[in-house]
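J.: Take a look at this one; I'll ask things after.
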Amino acid sequence: MKRRFCVLVMASTGCVGVNPKWDPVADGSAETVDPSATSTAATAGSVGASADGNTADLTGGTTPESTGVDVSTTGEVDPPLLECFDAPDNMGPCPQGCTGGCEGDECILACEGDNVCEQTTLACPNGWQCRIRCIGKQSCKQSTLECPDERGCAVECVGDQACEQSSVVCGDGPCDVLCAGRKNACKELEVACGEGETQVTCHERQEKLSNPVPADGSSCGCALADGC
């Protein structure tokens, strides 16, 4: 029997947030606007997508993706489109490094326990979505957490000094970092954004948490959420 899994379909408009350091002129992405064009074309693609029931983002994080809905008239934002389908046959067996197993096409790197992955490098396998779970006191302290090159990635830092003085290297897919359990769960954590959307979400205000570093040439958002 085939296993089924669900992923968030990214809005066709691309980034949810905008990298404030991105220069579209220098990047060669700026377009010349025809002054005779009407606003009809601009509004034609603004219809968002919605789905009934509960939804979750590509990496299991808490930040909803943009659906293009005009909140000025509705007052609400429709939930993101959640697409469910059979796990692809060509994914092959779950990679050996996925210590927490695999769910659909998501590899789970599980570091659950005190000091279990301290001062080490955790690298997600390319071709798979990835979730790095650092749960416990100093579970991933002073470690390097590497997301896959082009797939979605979630990093969970939960507990006392769970990811203190560590670094997260996001790939070019959506990247979601969660800090929870203690105000020092992500103390002095460094996050390097990739080409995709990156956001750090905190359940408690974190000590000495720096802003994520945007990737050169990326127009996507790379930021701390409110509460960090």
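The values are calculated or read from the model by the stated rules, or taken from the named source; none is laboratory data. What you are looking at is a predicted structure, and each value in this text was computed from that prediction instead of being measured. Cβ atoms come from the backbone with ideal geometry, glycine included; neighbour counts cover every protein chain shown.
J.: Please enumerate the residues belonging to the stretch 189-228 that are in contact with a strand residue (DSSP E or B) (Cβ under 6 Å, 6 or more places away or on another chain), part of a loop (DSSP other than H, G, I, E, B), more than 19 Å from P148 (Cα to Cα) and hydrophobic (A, V, I, L, M, F, W, C).
T.: Answer for the stretch 189-228, where residues must be in contact with a strand residue (DSSP E or B) (Cβ under 6 Å, 6 or more places away or on another chain), part of a loop (DSSP other than H, G, I, E, B), more than 19 Å from P148 (Cα to Cα) and hydrophobic (A, V, I, L, M, F, W, C): A225, C228.
J.: Inside the stretch 193-228, can you point out the residues that are under 12 Å from the mean Cα position of the chain (by Cα) and closer than 12 Å to S167 by Cα?
T.: Across the stretch 193-228, the qualifying residue is only C193.
J.: On the given criteria, is C186 among the hydrophobic types (A, V, I, L, M, F, W, C), modelled with pLDDT of 95 or more, outside any loop (DSSP other than H, G, I, E, B) and over 10 Å from the mean Cα position of the chain (by Cα)?
T.: no
J.: Which of the residues belonging to the stretch 116-150 are surrounded by fewer than 24 Cβ atoms within 10 Å (Cβ to Cβ), under 17 Å from the mean Cα position of the chain (by Cα) and assigned to a loop (DSSP other than H, G, I, E, B)?
T.: Matches in the stretch 116-150: P125, N126, G127, W128, P148, D149, E150.
Conditions (1) surrounded by 22 or more Cβ atoms within 10 Å (Cβ to Cβ); (2) at pLDDT 95 or above; (3) touching a helix residue (DSSP H, G or I) at 6+ places or on another chain (Cβ under 8 Å); (4) part of a strand (DSSP E or B), marked per residue:
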| site | (1), (2), (3), (4) |
| --- | --- |
| V155 | yes, yes, no, yes |
| D160 | no, yes, no, no |
| C163 | yes, yes, no, no |
| L178 | yes, yes, no, yes |
